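S.K.: Provided herewith is a single structure, encoded as structure tokens, for subsequent inquiry.
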Amino acid sequence: MTDDVATTETTETLGELEAVVPDPNEGGAQWPLVLVSGAVVVGSLFSLISASGLWEPPELKVAELARRIAVNLLGGSALTIAGGLNGVPTSGEIGRGEFPFTLIALGFRAFGLSEWAGRLPLAVFGLLGVVATWLLVSRLADRATAAFAALVLATTPLYFLQARTILGDIVTLAGLAIAVSGLALAVFDTRLGALSRCIAALLGAGGMAAGFGARGILLGVAVPSLAIALSYLARRGSPAMDGLSGVFGSLAFALGVATTFIGVRAFVNAPEHQFVRLLGATLADRRNVTHDVVVLQLGHGLFPWSAVVPVALGRLLLPPPIPEGPAFERESSLKTVLLVVSTVAFGAYTAVASRTPLAPFGAVFALAAAVALTFRDLERGAPGSRSLALTVAAFLVLLFTDFQNFPEKGLAAFVVDEGRFPDSFKERALATLKWGTVGSAALFALFSFERETGKPAFRKDEYRAYLSAVRTAWSGNVFFAVAAGQVTLLVLAIVVPLSDRFLHLKAIDGMSREFRVVARFGYVGLPVLVVLPLLGYAARDVSRFACRLLRLTRASVALFSIAAFAAVLSFSYYPALAKQLSPKEVFESYKRFSRPGEDLAMIGGSSGTARYYARREVKNISTVQEAFTWLTEKDSERRWLVVRANDIGQLNSQFRAKKLPAHNIPVLDARSSEILLVSNQLRPGEENRNPFSRWVLDARPAPRRGLDVDFNGQLHAIGWEVTTPDGVVVDRVRAAKRYILRLYYEVEKPISGDWQTFIHIDGYQRRYNGDHETLEGKYPFHLWRPGDFIVDNHDFELEPNFAGGTYTVFFGLFRGDTRLEVKRGGAEDNRVNAGTLVVE
């Protein structure tokens, strides 16, 4: 068979596959998408509401106030807690609108005192917001776009986290979606009858009532009514508008102007530190808060959809890619509404941020719908482009880098003032975000590089044309240069290892890390670089073939690539993070390990979470010293203590000072680095999970390399060793491989001040500099007790230009420009000469 015949047959076969791809504009083709979207929505909002416990203090504060409402106003006397506050909370205590608290109270009253009971009404309200968004988009666009919008909204962290946590602000977010949807349908959906449009207007009024009950007149009423009024004015000349549109548009205008005036006047004149019911907030001077708090939510709270939002907002300015007519006018109106409500909401939220408590950005539904329209436009013939693909991929990478450098931004979607990102979750969080970003960015770029053109895949003439171009470009000089470069790289790949081990050539020893990598592995990279365009062709053709075989559009696959990453965050990342923030697992461990009659206490804060998990009032102790005294005063009794991360170090130090022989305080649950379960005893078969056990040893160590060095009469360096990451002690290391250098000390006297550690590995005019925080800064020197054995673990990796040979290891302690004095042992300028290290 000739190549031309083979190409023709392949083209015809792929053409037949494309012919059976369903037209996304056909109504029947949209229902599978609607059903899949609905399943994801329900799963994202409801399936994980009991996966994590209450986050103390943010969720606990709200839950306690709601419980008291249920006790006093809803007849929930069974929810009364002996010894706790049970009176009706005042408006000042609540600090914002009561409606969300009432919903949570209804959940407690109906299903009992548990986190899922309080979250369920909020999740239902979140679902109402998704349904309202679906109705708006399906009526003014189509069901496929509405399904996209629901999918995006339900997998946006700022939305689903508010829906399944007891924070209450999902009422504001969903209320705005309901209000805008109802009012927009009343004004712009002229296909509806007069009665239906009146019902839609009432629906909008209900959304505004909910918003007012949650966050007051400005955010709950003025934003949606003013946005619809401005949208009506912008579209007033549209031929699709009718008399009823003018009636509802005029009413929205009157309401928007009136509520904005009333709200702004109340905002300007409201006294400090006093609850203002009209504004749904207790106002305070927060001049250090700017629009950045809203930008943070839009960037990190919407991730990964935030990478598409800038493009989506830009596309709202473009006309729909459909023929002019009633459908065109309706969708143009939808785009206007989404753009205006996003702008008005951004202005309102940034304006009030300087005086009101943090509130999540309310118009998330509008951004979700804008993203959905972007993908739908691509499905309907709007051109995909390299700029679109690269812009979204760039935003994904940029935001991931921000998460990597500032892990605490992972809490942005919760929108709370307090909270520290747990150290124990950082590694998993980074891995999830990294691979999700890489995968979604690559797939999105691959499937959005080109529009749905129907071009055949795997055309041999394209591949041959590229190879021919490489061979003949610049009269064959390009091919000659590639061949010469390959030979050079092969020679370097042989010479560099020989120099490292035997020859020690000065030119090669002086290579930088980057140049050395190129020299050793460039012979593999150059051919890959040459054939990279062919790999790009192949990836493009696989994407074309896959879409036709699976009967999917390129735009839908591009959307699903981001949606899959968002779903991973919804179903895995955020539930795991929430578990780290809640003491629920600690109380479950207490119930599992403890025996009847064994007392439980907490240090600092509130003991409220114990009411939900230990089902009892627990002792609340204000200071670490009091907690230590209580825990250890009766050795015959086993006692338990719930400890925050910032207190465990001091508690461990005091415990070691009292117990002989000295040993670390028993920690029975350390799954979260933020909240731990401590006891005064460790029973047979139980494991001490004390996080300081890797640094503070219970017995004298025997390091491979012994030392006898005295630091200022306070600290005795007794040795060091090098191990692999899995703990195997080694005498030789290789460059560009990871190892751990362990420094062992015995504490002679209390050590004043905080000291950092320096490590120098010197030789052959090279130096590895290993300055680092001693014990990662987590167990300060003032906690080190005489008699303690300490090991400082430092991860290191020598640069590739560390040629084979014997190097000298130096170390010491420093603070600024001062080094801790070495009084005994081989040292120069208070830098200990620890011995040699062989590099292979």
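S.K.: Is there a residue being over 30 Å from Gln486 (Cα atoms), crowded, with 21+ Cβ neighbours inside 10 Å, in contact with an Asp or Glu (Cβ under 8 Å, 6 or more places away or on another chain) and in contact (Cβ under 8 Å) with a residue 40 or more places away in the chain anywhere in region 560-572?
M.R.: Checked region 560-572: no residue is over 30 Å from Gln486 (Cα atoms), crowded, with 21+ Cβ neighbours inside 10 Å, in contact with an Asp or Glu (Cβ under 8 Å, 6 or more places away or on another chain) and in contact (Cβ under 8 Å) with a residue 40 or more places away in the chain.
S.K.: Name the residue, out of Arg191, Arg143, that is open to solvent by 10 Å² or more (accessible area, probe 1.4 Å), of a type in the set (D, E, K, R), farther than 19 Å from Ala312 by Cα and in contact (Cβ under 8 Å) with a residue 12 or more places away in the chain.
M.R.: Answer to the check: Arg191.
S.K.: Just one of the numbered conditions (1) modelled with pLDDT of 85 or more; (2) of a type in the set (Asp, Glu); (3) in contact with a helix residue (DSSP H, G or I) (Cβ under 9 Å, 6 or more places away or on another chain) is not true of Glu418; which one?
M.R.: All conditions pass for Glu418, except number (1).
S.K.: From the list Pro357, Pro383, Pro407, which residue is in contact with a strand residue (DSSP E or B) (Cβ under 8 Å, 6 or more places away or on another chain) and open to solvent by 20 Å² or more (accessible area, probe 1.4 Å)?
M.R.: Numbers: Pro383 fails: in contact with a strand residue (DSSP E or B) (Cβ under 8 Å, 6 or more places away or on another chain); Pro407 fails: in contact with a strand residue (DSSP E or B) (Cβ under 8 Å, 6 or more places away or on another chain).
Among Pro357, Pro383, Pro407, only Pro357 is in contact with a strand residue (DSSP E or B) (Cβ under 8 Å, 6 or more places away or on another chain) and open to solvent by 20 Å² or more (accessible area, probe 1.4 Å).
S.K.: Taking Thr437 as the residue in question, decide whether it is closer than 30 Å to Arg164 by Cβ, modelled with pLDDT of 80 or more, among the polar types (S, T, N, Q) and open to solvent by less than 40 Å² (accessible area, probe 1.4 Å). Break it down into steps so the answer makes sense when it comes.
M.R.: On the way: closer than 30 Å to Arg164 by Cβ: yes; modelled with pLDDT of 80 or more: yes; among the polar types (S, T, N, Q): yes; open to solvent by less than 40 Å² (accessible area, probe 1.4 Å): yes.
Considered against the rule, which asks whether it is closer than 30 Å to Arg164 by Cβ, modelled with pLDDT of 80 or more, among the polar types (S, T, N, Q) and open to solvent by less than 40 Å² (accessible area, probe 1.4 Å), Thr437 comes out as yes.
S.K.: So, of the residues in region 777-824 that are free of Cβ contacts under 8 Å to residues at least 24 places away in the same chain and not in a strand (DSSP E or B), which turns out to be least open to solvent (accessible area, probe 1.4 Å)?
M.R.: Once the filter is applied, the top-ranked residue is Gly777.
S.K.: Does Glu324 qualify as being in a helix (DSSP H, G or I) and more than 26 Å from the chain's Cα centre (by Cα)?
M.R.: On the way: in a helix (DSSP H, G or I): no; more than 26 Å from the chain's Cα centre (by Cα): yes.
Judged against the criteria, Glu324 is not a match.
S.K.: Can you tell me which residue is modelled with the lowest pLDDT among those in region 60-80 that are more than 24 Å from Val416 (Cβ to Cβ) and open to solvent by less than 80 Å² (accessible area, probe 1.4 Å)?
M.R.: Thr80
S.K.: So Tyr745 clears everything in (1) part of a loop (DSSP other than H, G, I, E, B); (2) in contact with a His (Cβ under 7 Å, 6 or more places away or on another chain) except one condition, right? Which one?
M.R.: Tyr745 satisfies all of (1) part of a loop (DSSP other than H, G, I, E, B); (2) in contact with a His (Cβ under 7 Å, 6 or more places away or on another chain) except (1).
S.K.: Now a separate question. Just for region 726-742: of the residues that are in contact (Cβ under 8 Å) with a residue 24 or more places away in the chain and part of a loop (DSSP other than H, G, I, E, B), which one is least open to solvent (accessible area, probe 1.4 Å)?
M.R.: Across region 726-742, the extreme among qualifying residues is Ala735.
S.K.: Given the structure, is Ala240 out of contact with any Cys (no Cβ under 6 Å at 6 or more places or on another chain), more than 21 Å from Val264 (Cα to Cα) and surrounded by fewer than 24 Cβ atoms within 10 Å (Cβ to Cβ)?
M.R.: Criteria met by Ala240.
S.K.: Still on this model: It is to be established whether one or more residues within region 45-53 are at pLDDT below 85, of a type in the set (A, V, I, L, M) and either touching a Ser or Thr at 6+ places or on another chain (Cβ under 7 Å) or in a helix (DSSP H, G or I) (or both).
M.R.: No: region 45-53 contains no residue that is at pLDDT below 85, of a type in the set (A, V, I, L, M) and either touching a Ser or Thr at 6+ places or on another chain (Cβ under 7 Å) or in a helix (DSSP H, G or I) (or both).
S.K.: Any residue at all in region 616-624 that's basic (Lys, Arg), modelled with pLDDT under 85 and farther than 18 Å from Ser693 by Cβ?
M.R.: Checked against the condition, which is being basic (Lys, Arg), modelled with pLDDT under 85 and farther than 18 Å from Ser693 by Cβ, region 616-624 yields at least one hit.
S.K.: Let me ask something additional. With Ala393, Ala413, Ala348 as the choices, which residue is hydrophobic (A, V, I, L, M, F, W, C), open to solvent by 10 Å² or more (accessible area, probe 1.4 Å), closer than 28 Å to Thr282 by Cβ and part of a helix (DSSP H, G or I)?
M.R.: Going through Ala393, Ala413, Ala348 in turn, the sole match is Ala348.
S.K.: Among the listed residues Ser138, Ser181, which satisfies the condition of being out of contact with any His (no Cβ under 9 Å at 6 or more places or on another chain), assigned to a helix (DSSP H, G or I), of a type in the set (Ser, Thr, Tyr) and under 22 Å from Leu255 (Cβ atoms)? It would help to see each step written out before you state the result.
M.R.: On the way: Ser138 fails: under 22 Å from Leu255 (Cβ atoms).
After applying the criteria, what remains is Ser181.
S.K.: Hey, another quick one. How many residues does region 194-247 contain that are in a loop (DSSP other than H, G, I, E, B), in contact with a helix residue (DSSP H, G or I) (Cβ under 8 Å, 6 or more places away or on another chain) and in contact (Cβ under 8 Å) with a residue 24 or more places away in the chain? Explain how you work it out, then say what you get.
M.R.: The first filter runs over region 194-247 and keeps only residues in a loop (DSSP other than H, G, I, E, B), leaving 235-242.
Now drop any that are not in contact with a helix residue (DSSP H, G or I) (Cβ under 8 Å, 6 or more places away or on another chain), which leaves 235-236, 238-241.
The next check asks that each one be in contact (Cβ under 8 Å) with a residue 24 or more places away in the chain; those that pass are 235, 238-241.
Here the count works out to 5.
The values are calculated or read from the model by the stated rules, or taken from the named source; none is laboratory data. Remember, predicted model here, so these are calculated numbers, not experimental data. Cβ sites come from the backbone with ideal geometry, for glycine too, and all protein chains shown count toward neighbours. Quick note on the areas: whole protein, heavy atoms, side chains included, nothing else; ligands and nucleic acids left out. Shrake-Rupley method; radii C 1.70, N 1.55, O 1.52, S 1.80 Å.
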